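Q: Handing you this structure, nothing more for now.
No value in this document is a laboratory result; all are computed from the given coordinates. As the structure is a prediction and not an experimental result, all values here were calculated from the model. Neighbour counts are summed over all protein chains in view; Cβ atoms, including those assigned to glycine, are modelled from backbone coordinates with ideal geometry.
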Amino acid sequence: MQTREIDPVQDPSWFALVERHPRASVFHTPDWLETLRRTYGYEPVVLTTSPPRRELANGVVFCRVSTWLTGRRIVSLPFSDYCDPLVDDRGELCCILAALRDEWKGNGLEYIELRPVESDFGLSPDLSKSETFCLHRLDLHPSVEDLFRGFHRDCVRRKIRRAERECLTYEEGRSELLLEKFYRLLVLTRRRQLLPPQPLAWFRNLIVCMGDKLKIHVASKDGQPVAGILTLGYKSTLVYKYGCSDRRFDKLGGTQLLLWKAIQEAKSNGLRELDMGRSNWSDLGLINFKNRWGAARSTLTYWKYGGDVADLERRSRGTHIARWLFGHMPARLLRASGSLFYRHVG
């Protein structure tokens, strides 16, 4: 069994496989991959065992990342919470993984990282567990009334009612004006987290490439933006990808109102799941926030060829130093640093 590479952005056979495969997510789509390429210069590639001029039966999508600061590696996929191999046959998967392992060993790569949700890679030679995260997903099959009753009484339901009493205004769309409001809130949030905001170009490229799959939602009080979220819709799933707020107004319930409106709209459009994304196990505040919506919690495991404990420790020390620096930067420099920082960490 042999493998070959295709360009998932240009080759229509990849789009066809993504459209019909039950484990495909928004992160597999050519639109998402093109955003990664435009913003960070990464090279999206699909490795498959399907022969040319045949319907594509399988594929593992990844990006080749090469930077002067963090070296060369393969990631499936950068800035994506997860990315399942679209491979149903164990033998075909082993063949693709063997080809990836050979590239890691033969080309001097730092590592290869895979981010599956469902696939068990524990039996693959040289492949070891990398990191684990908490993944939350909310089943949207129940009625709107039952979903609302399943939310935490004080931390969600009461906040939604508070937002309604405060007459928070709600906007959604993809306009430049709405993006500016969202991005100002994002800068505030990332500063609190001691991290730079993602480049503004990333969000502009997302809007262009994702089109109507993407929505920005903003809540305001008397014209002042207080909370924002960005969602991605694909097939039967709505992905809550980014959230941000002005902490001075958190008591008004803006974020809860936005998520509730997104859930109601998803229900009306026939979607069946809200993907609330991954959380670091150390971020108990974020995990509790997602728990309070009644979302089911699972463990998300990343796998690696290469890298070791010492490498993780070095990265951890580097992250602590970087967070200290970001926490002391002026706002303008913090925004600019995001354009330089994120390309190296994907």
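Q: Would you be able to say whether some residue in the range 150-165 is under 24 Å from the mean Cα position of the chain (by Cα), within 30 Å of Leu86 (Cβ to Cβ) and part of a loop (DSSP other than H, G, I, E, B)?
A: Narrowing the range 150-165 to residues under 24 Å from the mean Cα position of the chain (by Cα): 151, 156.
Those left that are additionally within 30 Å of Leu86 (Cβ to Cβ): none.
No, because not a single residue in the range 150-165 is under 24 Å from the mean Cα position of the chain (by Cα), within 30 Å of Leu86 (Cβ to Cβ) and part of a loop (DSSP other than H, G, I, E, B).
Q: Let me ask something additional. In the range 331-346, what residues are within 12 Å of Val65 (Cα to Cα) and among the charged types (D, E, K, R)? Write out each step before concluding.
A: Applying the first criterion (within 12 Å of Val65 (Cα to Cα)) to the range 331-346 yields 342-346.
Listed by number, the list holds a single entry, Arg343.
Q: Just to confirm my filter: which strands (runs of 3 or more DSSP E) fall fully inside the range 180-248 and include at least 3 residues that are under 19 Å from Arg278 (Cα atoms)? Steps first, please.
A: Values: elements: 214-221, 224-234, 237-245.
Fully inside the range 180-248 and qualifying: 224-234, 237-245.
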